[in-house]
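This report refers to the structure that appears directly beneath it.
Computed from the coordinates by the stated procedures, all read-outs in this text should not be read as laboratory data. Since the model is a prediction, treat every value here as computed from it, not as a measurement. Note that each Cβ is placed from the backbone with ideal geometry, even for glycine, and that neighbours are counted across all protein chains shown.
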Amino acid sequence: MAKAGVEFGAEVKKKYFHFKEAFTFLNHASYGAVPTHIREKQKQLLDVVNDNPDVFYRQAWKPFMSTAIQAAAEFLGADPNNVVLVQNATTGINTVLKAFPWKKGDEILATTHTYCSIQNTCRKAAQISTGGHFHQLEINFPIKDEEEIVRDMASAIDEHPSVRIVLLDHITSPTALLMPLKRMIEECRKRGVLVLIDGAHAPGQIEINLEELCPDFYVGNFHKWVYTPRGCAFLWVHKDHQNWCTPLVTSYMYDKGFQLEYGQQGTRDDTPYFLIPDAIQFYKDMGGRERITKYTKELLDSACKMIAERLQTRLAEIPKSMEVPGMKIVLLPDCTYNERYSNTWEGSQNLQFDIMNKHRIHVTVNSIQGRLYMRLAANIYNEMADYEKLADLLVKLFKEGE
Amino acid sequence: MANAIFGAAMKKECFHFEEGVTFLNHGSYGAIPIKIRDRQKQLHDELNDNPDLFYRQTEYQLYTQARDAAARFVGANPENLVFVQNATTGVNSVLKALPWRDGDEILTTVHTYRAVANACRKVAEFSTGGHIHQFDIRFPIKDEQQVVESMTSHLDKHPKIRLVVLDHITSPTALVFPLSEMIEECRKRGVLVFIDGAHAPGQVEINLEELQPDFYTGNFHKWVFTPRGCAILWIAKQHHDWCTPLVTSHMYKKGVQLEYFMQGTRDNIPYFLVPEALKFFSEIGGMEKIHQYTKALLDNVTSMISDKLGTPKPEIPKSMEAPYMRLVLLPEYEGYPAGTDEGAERLILDLMRKHRINTAVCPAQGQLYLRLSATVYNQLSDYEKIAEVLNALPRK
């Protein structure tokens, strides 16, 4: 395999990936992409399992699992004893929030940028303690500086002394914001509340050192920015909580310890986990975080600037320190021609759906503070032409009333 | 189709296994026909070539098609049927969603699958502080009444029992329970019934709308030849409003069907192979044809092995015999302590590693029992192999 020096964009796309003809992929953030050789490896592994399932399920899975956890832990700056694998970040968050021994009146604090499925998880988990209500810290554009978010969070906790768990994104999903976690965790520690980090988008996009960061819990996906098959994610649990933070599926290994309990959750297909070492190797072969994010950041910056100019809108007003290299949001104009794309949740879903089904371009659209924003992603198989295609379409839809 | 196609011919034509290994344990992990493995790989390619389209659109269509096919197969109203990754997940889903009260008790049996028993223990620890009862069923079993009465006497002695967990076919001991009668007795006493039918789909007729327990879970990746993990969870209509899945996600409060469908981004493709697997199942002759083959084979080989070992056959009514699984009592061996989990595990691993025979061994009533599986790719010579090995093991 070629190491650094391989041309990102069309060349890498052709050499390492396989996508459906005539589609434009600007939404790596949602579902990731799996390089061809890793797909093949997964098929081979499935064959090994299927040719002798007893040997695999009774024994061989253990070294596969521990090798995968070792590789994941190293990548995350984590003690492997604190890392277990789960199928996706949503499962990781559900695991923590549903294992926690809630008492009546206990509260959760999340934010207005918390991923919608996670907001639902908060509602469900809070059923017992508050009848489903949970607090959301408001974070509104324009954001002047990070400290204002830290201060607002600290005030919110002070205002609501029943808050037991603070749920923070490392990188927000709808708005692509890098949160000032170190400072936020500090303020949480002062107030004796537990911190659960939703780092769904973080692995592969930004540096993570979990033992240094030291929240109470951290979840992150490998199947987004680290090229594994889906579903593949991890849950990091601080040693102090491992005795009660048990998995969603209680199975054979109940009471046998943290690692074993999570390792076996009934017979199913865990092969996505076992591709972690290969996926990390691919990530390194492509130049690692430095090279990959340098490319994607430059591309995204240019592309979003270009789109904002052509649409005569702007980007979200945020500090540079809160930008991330793989995702960015662009404000869309009000759609005066078509009610289908109103500035509502329905409007965002309609637009996203139409762009996919009528125009074969994959993006994500969200409704934020009464306006539609398009979330664009960039990865090593993207190039400027992809975004120009989108820009042409958006101009038609919003400016020319197609 | 003549019986002759089952056995080595079917193994060669439709399956692919590691050379030189004898497979007598379909009951634990199932096996996937080559055609279905290939189709699974195709679906992986379809997903990976265009993940956005797959997750945002295609997936739900494939899910509902598969669910409807599964529902027809088990006599279920598709509105009451969802997919879960395995029966253990099905059990956990219900137990952990149930609005327990302090002191609620659960009734299981001594044959309840270990993982399911653990899930009950977890719930007792976390939610109820209540006791877990087990009713006993010991060999020799004279008739089905024995089993029903063991359950009812426990229910009558312990009025705090809120939920009974019954197997359709027990895992360690391959017993088919007389469910209709047992469910009736539970209904009379106002207790909820959860049926662990992990081994049932493809092995016995199931008609869930007729049977009407409160909950039923069953694997398709055992006797219906789908990839792992693929199972169903059936939930009676009156429980839909509270019986939510383990993972709360986008479809919270949108109803049981959508809630179970969407549990975060992951690989749901095993579910989507259900129509294909059912097609294979019926093409090779369906349940009746397979039963004919496996019952005759198991009758033959269990006699052969127990004669060779000099052990008596476990006495159970014919109506309680599982069509695809049968027990053989093992003599007391050196190094495999009878009636213990370690003895069973060590013997399983030694048979697997030293002799390349995949099988299951279970402790029961102070003894070790060999649990033999038989299915469409098995034949007599498979069992002759294990008979020899078992006969040669040093005895106490």
Taking the convex hull of the alpha-carbon atoms of the range B:178-268 and averaging its shadow over every direction gives an area in square nanometres of 6.6
What length, rounded to one decimal in nm, is gained on full extension from A:Lys358 through to A:Ile143, with 0.36 nm per residue of separation minus their alpha-carbon distance? 73.9 nm
Taking loop as defined by DSSP and a crowding limit of 14 other beta carbons within 10 Å, which chymotrypsin sites (Phe, Trp or Tyr not before Pro) in the range B:224-329 fit? B:Trp242
Say a site is exposed when it is one of the GluC sites (Glu not before Pro), sits in a DSSP loop, and has at most 16 other Cβ atoms within 10 Å; what is then the longest site-free stretch of chain B? B:20-204
Counting sequence-distant residues (5 or more places) and residues on other chains, those with an amide H built under 5 Å from that of A:Gln136 are A:Ala110
Mind checking the full-extension length gain between A:Cys214 and A:Asn243? Use 0.36 nm per residue of separation minus the Cα-Cα distance, one decimal, nm. 8.7 nm
Assuming R0 = 41 Å, can you tell me the calculated FRET efficiency for the pair B:Lys160 and A:Gln59, based on Cβ-Cβ distance, to the nearest 0.05? 0.50
Please report, in cubic angstrom per residue, the volume enclosed by the convex hull of the alpha-carbon atoms of the range A:172-311. 149
DSSP-defined beta bridges in the protein assembly as shown - what % are antiparallel, rounded to 5: 55
Cα gyration tensor shape of the range B:81-170, rounded if a/c is under 1.5, else prolate or oblate by comparing a/b with b/c: oblate
Treating only the Cβ of Lys, Arg, Asp and Glu as charged (+1, +1, -1, -1), what charge dipole size does the range B:50-278 show about its Cα centre? Round to the nearest 20 debye. 540
A correct Stokes-Einstein calculation for the range B:126-217, using the alpha-carbon Kirkwood radius, 25 °C and 0.890 mPa s, returns a whole-number D in µm² s⁻¹ of 176
Between the range B:106-163 and the range B:166-194, what is the C-alpha centre distance in whole Å? 10
Share, in percent, of DSSP beta bridges within chain A that are antiparallel, nearest 5: 55
DSSP-assigned coil residues among trypsin sites (Lys or Arg not before Pro) in the range A:116-169, each with at most 11 further Cβ atoms within 10 Å: A:Lys144
May I ask you to derive the FRET efficiency for A:Lys182 and B:Glu384 from their Cβ-Cβ distance with R0 = 56 Å, giving the value to the nearest 0.05? 0.25
If you find the alpha carbon centre of the range B:208-237 and of the range B:37-95, how far apart are they in angstrom? 13
Prolate/oblate/rounded call for chain A, Cα gyration tensor, a/c under 1.5 rounded: oblate
Inter-chain shielding of A:123-129 (mean C-beta neighbours from other protein chains, 10 Å cut-off): 2
Members of A:Lys15/A:Lys41; A:Lys98/B:Lys122; A:Lys98/B:Lys96; A:Lys224/A:Lys297; A:Lys98/A:Lys256 lying beyond 18 Å, as alpha-carbon distances in this model show: A:Lys98/A:Lys256
In whole Hz and in residue order, list the ³J(HN,Hα) couplings for the range A:168-185 that follow from phi through the Karplus curve 6.51 cos²θ - 1.76 cosθ + 1.60, θ = phi - 60°; x for Gly and Pro. 10, 7, 7, 10, 5, 6, x, 10, 6, 9, 8, 7, x, 5, 3, 5, 5, 5
Is any residue of the range B:136-155 close enough, with backbone N under 15 Å, to a label point placed 7 angstrom from the Cα of B:Ser319 along the Cα-Cβ axis, and if so, which? B:141-150
So what's the gap between the Cα centers of the range A:30-61 and the range A:228-302, to the nearest angstrom? 15
In order over the range B:344-356: 3J(HN,Hα) from phi, Karplus 6.51/-1.76/1.60, θ = phi - 60°, whole Hz, x for each Gly or Pro, gives 5, 4, 5, 5, 4, 5, 5, 4, 5, 7, 7, 10, 6
Viscosity 1.002 mPa s, temperature 20 °C: Stokes-Einstein D of the protein assembly as shown from its Kirkwood Cα radius, in µm² per second? 76
Can you put A:Arg268, B:Arg37 in order of Cβ neighbours within 10 angstrom, beginning with the fewest? B:Arg37, A:Arg268
First check a/c for chain B, with a ≥ b ≥ c the square roots of the eigenvalues of its C-alpha gyration tensor; if it is under 1.5, answer rounded, and if not, answer prolate when a/b is larger than b/c or oblate otherwise. oblate
Test item: A:97-106 mean partner chain Cβ contacts at 10 Å: 1
Any idea how far apart A:His133 and B:Arg101 come out in nm if each label point goes 7 Å out from Cα toward Cβ? 2.8
Loop-located trypsin sites (Lys or Arg not before Pro) in the range B:207-270 whose Cβ has at most 15 other Cβ within 10 Å (DSSP): B:Lys253, B:Lys254
Sequence-distant residues sharing a close amide H with B:Cys230 (under 5 Å, placed H): B:Phe220, B:His221
How big is the antiparallel share of DSSP beta bridges in the range A:41-281, given as a percent to the nearest 5? 40
Averaging the inverse of every distinct alpha carbon separation and then flipping it gives the Kirkwood radius. What is it for the range B:301-353, in angstrom units? 12.6
Pairs of lysines 8 or more apart, or on different chains, with alpha carbons under 26 Å: count those in the range B:250-365, would you? 9
Please find the FRET efficiency linking A:Glu339 to B:Glu181, where r is the Cβ-Cβ separation and R0 is fixed at 51 Å, and quote it to the nearest 0.05. 0.25
For the range A:106-119, in residue order, the Karplus 3J(HN,Hα) values (coefficients 6.51, -1.76, 1.60; θ = phi - 60°; whole Hz; Gly and Pro = x) are 4, 10, 10, 10, 10, 10, 6, 9, 4, 3, 4, 5, 6, 4
